Structures are given as structure tokens and as C-alpha cells.
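The values are calculated or read from the model by the stated rules, or taken from the named source; none is laboratory data. Note that this is a predicted model, so its numbers are computed, not measured. Here the Cβ positions follow ideal geometry from the backbone for every residue, glycine too, while neighbour counts run over all protein chains shown. In case anyone asks, the SASA skips ligands and DNA or RNA and just uses the protein heavy atoms, side chains included. Shrake-Rupley method; radii C 1.70, N 1.55, O 1.52, S 1.80 Å.
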Amino acid sequence: LFKDVRNVRVREQNFYELADSKEKFDAIVFSSSFMLMPDTKKALEVAKGLLTPGGKIFFLMTLYAKKKKFTEKIKPYLKYYTTIDFGNITYEWEFEELLTSNKLNINHKERLFYKLTPLLFLFRVFLVECEIKA
């Protein structure tokens, strides 16, 4: 998708290895990967350290509105039946608290709805844009 875009670089690597990197980025995108991170606070610190001044962090992820014990119990087992790791349950208020407690402003938060993708009605998928608090 991005192969012909000059200023976009897509990489696959252990994100935590970038903690000591001197590289800087205008934008970092966690596309459904943030809830798979074993240490989300450290991931946010790494991401903030990689941003250029005015850079932004984007999250595309499922956020749950309220706690459901059934979902909390079944979600970890889904990867054994589907071979897809859906990550940890991420509640909307906990995610927002994590961002603000790690000195990130939420500039924009939007729930995604598409008529052609009924799964977005079942799952609460959001696009969240953040930047470092001034």
C-alpha cells in the first residue's frame, strides 16, 4: 500500500529495540498492535522518544465500553482456536487514563463505522490521535 510513498517507512521489528534509537518520526501508528504490547507504559515512552517536535501517535484499536467477565475470560483463549492473538482487553477509560498519565494529550478520538464492514458495529474500533503534552 505504501511502496510508492517516499516519506513513509513500514517496518517489522521489536518495537522496544527502538528505545535507544536516534531516529525521529513525525508519526507512529499502532495499528491494532498496542494491546499486544507486554509493557504498554514502556511502549509509550519509546514512542514519545521517537517523535519529532509536534509529532503524533496514532492508535487504531478496539476499546471496550464496560467490563464483561465473559469477554475477559474468553478473549485470551481465542488465539488457540483462531490462531489470531487479539491481545488484552482494553477498556476505553483505562486507555485514556494510561495516555494522560503518560503525558499524552488526546487530540482526536473517533469510533469507526463503515456500512460495508459489519464487524465494526460488533467491535468498538477507534482511531485515537495523541501528542506529547506541552
Hey, Asn88 hits all of (1) among the polar types (S, T, N, Q); (2) part of a strand (DSSP E or B); (3) modelled with pLDDT under 85 but one; which does it fall short on? (2)
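Given the criterion modelled with pLDDT under 90 and of a type in the set (A, V, I, L, M), identify the matching residue among Leu18, Leu116.
On the way: Leu18 fails: modelled with pLDDT under 90.
One residue alone meets the criteria, Leu116.
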Single match in Leu98, Leu78 (criterion: within 29 Å of Glu129 (Cβ to Cβ), modelled with pLDDT under 60, open to solvent by less than 80 Å² (accessible area, probe 1.4 Å) and in a helix (DSSP H, G or I)): Leu78
Criterion (closer than 18 Å to His108 by Cβ, in contact with a Ser or Thr (Cβ under 8 Å, 6 or more places away or on another chain) and open to solvent by less than 60 Å² (accessible area, probe 1.4 Å)) met by exactly one of Leu50, Leu60: Leu60
